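**Student:** Pasting in a structure now, in C-alpha cells, and then I'll have a few things to ask.
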Amino acid sequence: MTTEYERIDPDTWRPQARFRAAIGSWQQLRTFNDTGGIAVFLDVTRSPHPDIEIFGSQSRILSFWNTRSHSGFVTKPKFSAGLLTLRFVISGQISYLRRDGETIASPAIAALTGFDDLQEVRASNAVSALSATFPAQSLVLASSALTGDGVRSLPALEPIADMERPGMAALFCTVRSVQKRLQLMGQEVDLMLPLLQEVMSYQLLSAWPKCVAVAQALPAESASRQLGMAIDYIEANLPTVLTLANVAAAAGMSVRSLQNKFKKELGQTPVHYITERRLTRAHQDLISPTTAGRSIEAIARAWGFLHTGDFGQRYRRVFGCTPSQTRSNASRNRQQEGN
C-alpha cells in the first residue's frame, strides 16, 4: 500500500536522518522552502532579513528538531499531513493560529497542535524551541492500547500544557534525549526505535491534560497467566521489533495492565525487562564458540543496540564487566578446557 508520505514530492517532504539548515538570506529561505523537504513553509515578516537555524531528524515514525531564530519566523503547513506537533519553547514565545482560536506557548507553557486545524505559527524574535512530531494515527493506536477500551480515536487533548504539571518535565527530558539519540543513529534502523516511539506516545498521553476524562483500563484478571503469556511472546520475538501494544495483545490485556503487572510481579517495566533479556542474549553470544568470529559491535546490533558505548554501559551494569572482558574470559576458559 502506498502511504501518504510516499505520494508526496520529496522536495515537499522526505525522510531525513539528519538535517541542518542555517538560513541567513531571502535566497536561502526560498531554496529551503522549495527543496528542504519539511512539512511547513517558512517566512519572515518583522525583520529585514531571515536569521533561522533548524536541525534535527525526520521520519515517518517520529520527527524531532531544534529551531533557533533571532529574526523570528512564520510557518504554514504545506499539506494536511495528519500530524501532531509537540513543542517546548526554550526562549521567546510562539503563537498558534488555529481554526477555533489562538494559543500562545512560552517557556512555562508547552503546545500540542494538529496540522489539520493549524493555519499559521508565529515565533517571536530571539526564539528557541524543541519540537517533536507524531503521526496522529500512532497516538490513536497508543491511546486504544493504553486504555484497552478498543476506542480508535484520539482523546480530546488541550492545546497547551503548564510545564509545572506532573510529568511534563519528564516528557521534555524524554523528547530531548530521544532527539539526541536519533541524531547519532543516522540511516541505521534500531530495534528499539519503534518501542521507544510507542513508549513516548504513552508518556505524552499520560502527561498531557485532557479536555474530557479518559476511560479507565480494563480490570486485571488472571494476572499470573497473562504475565506468563506476555513473557513467552517477548522471548519468542526478542530478535525482532517489539512494541508494548503487540505484547499486551498477545497476553489479552491493555498496555496499562501490562505495565502494572510487570511492575507488581517483577518489579520492573516491560521495557526494562525486554532490554535486560536482549542483554542476556548478547551475553550468550559473547561466550558462545559458535559466534566467536562475530564482532562485539555486530552482536550488539543484532540485539537492537546501535551504539557500542551505550551497549557497553548497559552490559556492565547487568553483568559487572565489559563485553570485551566477557569475550576474553570465555576464550581463555575454552583454551584451558582444551588443554
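**Student:** Pick from the stretch 145-190 the residues that are under 29 Å from GLN16 (Cβ atoms) and among the polar types (S, T, N, Q): which of them is modelled with the lowest pLDDT?
**Tutor:** GLN187
**Student:** Continuing with the same structure: Does the stretch 275-298 include one or more residues that are within 27 Å of TYR202 (Cβ to Cβ), outside any helix (DSSP H, G or I) and outside the structural domain of SER144 (by TED's automatic domain parsing)?
**Tutor:** No: the stretch 275-298 contains no residue that is within 27 Å of TYR202 (Cβ to Cβ), outside any helix (DSSP H, G or I) and outside the structural domain of SER144 (by TED's automatic domain parsing).
**Student:** Confirm whether ALA126 is at pLDDT 85 or above and at positive phi.
**Tutor:** Judged against the criteria, ALA126 is a match.
**Student:** Give me the pairs: first residue in the stretch 18-36 and loosely packed, with under 14 Cβ neighbours inside 10 Å, second residue in a strand (DSSP E or B), beta-carbon distance under 6 Å, and six or more apart or on different chains, which are they?
**Tutor:** Correct list of pairs: ARG20/PHE55; ALA22/GLU53.
**Student:** Filter the stretch 301-339 down to residues that are part of a helix (DSSP H, G or I) and among the hydroxyl-bearing types (Ser, Thr, Tyr) and give me whichever is surrounded by the most Cβ atoms within 10 Å (Cβ to Cβ).
**Tutor:** So the residue we want is TYR315.
**Student:** Quick one: which residue in LEU139, LEU118 is in contact with a Pro (Cβ under 7 Å, 6 or more places away or on another chain), buried (at least 17 other Cβ atoms within 10 Å of the Cβ) and either in the same structural domain as PRO166 (by TED's automatic domain parsing) or touching a residue at least 60 places away in the same chain (Cβ under 8 Å) (or both)?
**Tutor:** Working: LEU139 fails: in contact with a Pro (Cβ under 7 Å, 6 or more places away or on another chain).
When all the criteria are applied, what remains is LEU118.
**Student:** Quick check on my filter: what residues within the stretch 142-159 are touching a Leu at 6+ places or on another chain (Cβ under 8 Å) and surrounded by fewer than 17 Cβ atoms within 10 Å (Cβ to Cβ)?
**Tutor:** ASP149, ARG152, GLU158
**Student:** Oh, and also: Taking the stretch 317-339 as the region of interest, how many residues are within 28 Å of ALA236 (Cβ to Cβ) and either of a type in the set (Val, Ile, Thr) or at pLDDT 90 or above (or both)?
**Tutor:** 4
**Student:** Can you find even one residue in the stretch 235-257 that is at negative phi, exposed (fewer than 14 other Cβ atoms within 10 Å of the Cβ) and in a helix (DSSP H, G or I)?
**Tutor:** Start the filter on the stretch 235-257 by keeping residues that are at negative phi, which leaves 235-251, 253-257.
Checking which are exposed (fewer than 14 other Cβ atoms within 10 Å of the Cβ) leaves us with 235-236, 239-240.
Right, trim to in a helix (DSSP H, G or I) and you get 235-236.
Within the stretch 235-257 (the criterion being at negative phi, exposed (fewer than 14 other Cβ atoms within 10 Å of the Cβ) and in a helix (DSSP H, G or I)), the answer is yes, since at least one residue qualifies.
**Student:** Just the residues that are outside any strand (DSSP E or B), over 23 Å from the mean Cα position of the chain (by Cα) and not hydroxyl-bearing (Ser, Thr, Tyr), please, taken from the stretch 118-142. Before you say what the answer is, go through the steps one by one.
**Tutor:** Our first condition is that a residue be outside any strand (DSSP E or B); within the stretch 118-142, this holds for 124-126, 136-142.
Filter again for over 23 Å from the mean Cα position of the chain (by Cα), leaving 124-126.
Within the stretch 118-142, ASN125, ALA126 qualify.
The values are calculated or read from the model by the stated rules, or taken from the named source; none is laboratory data. Just so we're clear, the structure is a prediction, and the values are computed from it rather than from any experiment. Reconstructed Cβ throughout: ideal geometry from the backbone, glycine too, with neighbour counts over all protein chains shown.
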